[in-house]
Each structure stands twice: as C-alpha cells, then as structure tokens.
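Chemist: Before I ask anything, here is the structure I am working with.
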Amino acid sequence: MNLTRQLKKAPFPPGLYAINGCQGAGKTSSACAILRTDYKYWRKWRYEQGKNLAMRYFEGTGLKLNVDKTLYFSSPSITLDRRRGIKTWYIDLERLGLPNDEYDVQYLPRGSVVFLHEVDVLAYCRDWQSLDRYLRLLAKYCRHNLITIIFDLQVGGDLDKALRGLVIDRYFMLKSSVKRFLFFWKRQRWDFLCIHNQLANTLKELSSFGFDTKELKVKLVERGKLRVWGDVFDYYNSFSGVPYFLYGIEKRGYEYIEQEEGDLTIEGIQRYVQQHPLAKAEKSDKAEEKKPPGKLSEQEKIELVRKLLANG
C-alpha cells in the first residue's frame, strides 16, 4: 500500500480514521504529512464540494453560506503552505458533533478534513457521556457530507466502543525517518500497518453466523508507506502538551540542585540522611496536637472559644 501514490490519484477518503502507534513512532507527523499532501493536490476539489452544496442551499433558502478555500481543520496548528501563510482552521472540540438541538456545534463545510490530536487524552477532558451520541452520529454520517476525520492516539481501546466500531481504517505507525544530504532534505518516510477495521468487524460477524471467512481470502492488514519531500516537523505545533509542564511554575520556577557526593563531614552526613530518610515521616496527631491553654496567644484563645461555642 503506497499512501503517497493514492493521495496523488484521489483525495483522502471521507470517513473516520485512526492513527495508532508507540510514542515517537510518527503519528502526528504522519497526519501532518497527509494533510499537507492532500492540500497540495485536492484543496480546489474540496472547495468545489463545499461551494456546490452552499449554492444548492442558497437556491432553496436564499441564504448565503461562507465557504473558505481552505477546508482543513485541526486541534494543533498545522501549516499547509508556509509561503502563502495558510494554516489549518481551529476545531472546537467542545462543539464537535452532528448538528442537534441540545448544544451548538461547529458546522463543517462539505469536503472538510479534520485532524484531532491525542484523542485518548481529550476523551477524558470532556463530558463524553452527554456528547457521545452526537459524536457517534457525526462519525456515522460524515461520509455523506464528504468529511474526513483523522485522529491519533496510542491505544485504540481507549476510545469509546461505539465510536471505535465506526473507524474505517487504522494506521499503526511502525517508524518514521528523514534523511538529509548536505543542506537538502530528502524524502521523509513513514512505515505503517493499515488495519481495515470495519472489514475485520464484518468478517468477525460473519464468522459468528458460521461462515468460513478464510475462503474469501481478504486482506485485513497491509503494510504501507508514506513518503513526502522535506521535513514536516516545522509545519505543525509539536508543543501542544507543553502547558502541562508549566502549570504552577510561576510559584517557584525551575530548580537546579547540585549533586553532593562523597561529603563525609558531619554536616554532609546529616544533610544526606535528612535528604534520604530510611522511613517515611508518619502523619501523627502530634502535628495537630492542641497547645495547652497557657501557651496559646490571645488570638488563638479567641479562636478556640469560638470553635467551642460553635460546637455547642
């Protein structure tokens, strides 16, 4: 399976797709490469799809819909054309779903491509119990509106079961690499396994009915590759998780503690023992032990009387 060749012949198919893989295998970079390649060959085609539907809607209602010439959306910012300064549009995950009366959604023009980063993490950052139904319906009907939804996550099992069943294909990234010759970039390459998820589920269902699916000789898993020229790492936001590491840093900043090895002075030994205790300090009641009334300050006495009166 040569994904590069396929993207030159046809746009990335509509539907729901998952990119899996270990950390550092190239999940996000491969998605960036797919969007940039699709944009290179099929941005005009996608614009025409959105424009045609908007014209039909105008003929029936007299209302105009604004269809942008760039119909690519993503949670991390991806540069599609650096020379012209064209980037993906932001997708609001809180408004992702099929249009409904329960909450306001972000409407997606016909022919749009959507990329969602780290879905296995984002799935636990929102109320999926109430939005799950409309997310599932969006995944079910996205092909009707020629919408492509691609997301990456490490473990496919972390995704909602009902949503997982609607994934058409899963791309499990094995490795990625890029070579450079002098000052020129060579093609970057991703090696992956393409797992035909819905086909596998269908064959599994046929097997439960007693059909011998081995006679069908259908490929459920294919080795694949994707190649693009240049380096894609500078075209998407690779710092999307950085805020986690800066949370609360304004309180103390970075700390650099020098190593102390071999200090056998009395002070050095005491400091080492304090820093490396053999047992954890127990939270005893002594820390919260009440002081004798004679040792309390006037303010502490007043607070103690207030607590006693409050407790009756």
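The numbers here are math on the coordinates, done by the rules we state, and not lab data. Every value quoted in this text rests on a predicted model; they were computed, and no experiment measured them. Backbone-built Cβ (ideal geometry, glycine too); neighbour counts: all protein chains shown.
Chemist: Rank the residues Tyr235, Tyr272, Tyr134 as a footprinting-exposure proxy: fewest other Cβ atoms within 10 Å of their Cβ go first.
Modeler: Least crowded to most crowded, the residues run Tyr272, Tyr134, Tyr235.
Chemist: Please tell me which of these pairs span more than 31 angstrom C-alpha to C-alpha: Lys69/Lys219; Lys87/Lys219; Lys87/Lys217; Lys140/Lys217?
Modeler: Flagged as over cut-off: Lys69/Lys219; Lys87/Lys219; Lys87/Lys217.
Chemist: How are the C-alpha pair distances of segment 32-94 spread across 5 Å bins, as whole percents from the shortest bin up?
Modeler: All Cα pairs, binned at 5 Å, distribute as 4, 17, 22, 21, 16, 11, 7, 2 percent.
Chemist: Among 191-198, 71-78, how do they line up from the highest to the lowest mean number of other beta-carbon atoms within 10 Å?
Modeler: The most tightly packed comes first, giving 71-78, 191-198.
Chemist: Give me the extension gain from Leu199 to Tyr90: residue separation times 0.36 nm, minus the current Cα-Cα distance, reported in nm with one decimal.
Modeler: 36.0 nm
Chemist: Along the Cα→Cβ direction, 7 angstrom out, place labels at Arg82 and Leu63. What is the inter-label distance in nm?
Modeler: My value for the distance between the label points is 4.1 nm.
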